[in-house]
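The values are calculated or read from the model by the stated rules, or taken from the named source; none is laboratory data. These figures come from a predicted structure and were not determined experimentally. Here the Cβ positions follow ideal geometry from the backbone for every residue, glycine too, while neighbour counts run over all protein chains shown.
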Amino acid sequence: MRIVGSDQDMTATVRWFDKDGQALSCKDKLATLEDNLEELLEVALEALEDAAVMGVDTEAARKIFVDEIASLKPRFTSQNSDSAGTVAPSNRSES
């Protein structure tokens, strides 16, 4: 795990930007985003390994994962930067 504010982080490429294209600088936001990414990658790796153990083509599984992630839409949207977020209806069916 990368420690935000460490020497390692200072030389890292900026990857988190706000909706105006400006690099995020808040250490708490950056730490949360990096933690979330680390958790997401761990779950994705476990799912890919499960697929491999079950005999699934891992390239096909990876494509499905990428396509599904690319189709995600935030549940919370805001009309403008001053308004509070509202919950958008889910477009995924519950199983």
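For Val53, the criteria (1) under 12 Å from the mean Cα position of the chain (by Cα); (2) surrounded by fewer than 13 Cβ atoms within 10 Å (Cβ to Cβ) hold in every case but one, which is (1). Listed by first and then second residue, the pairs with beta-carbon distance under 8 Å, at least 6 apart or on different chains, first residue in the stretch 58-73 and at positive phi, second of a type in the set (Val, Ile, Thr), form an empty list. Of the residues making up the stretch 59-71, none is outside any helix (DSSP H, G or I), of a type in the set (A, V, I, L, M, F, W, C) and loosely packed, with under 12 Cβ neighbours inside 10 Å. Set side by side, the residues Phe76, Phe65 differ, and just one is out of contact with any Phe, Trp or Tyr (no Cβ under 9 Å at 6 or more places or on another chain) and modelled with pLDDT under 95, which is Phe76.
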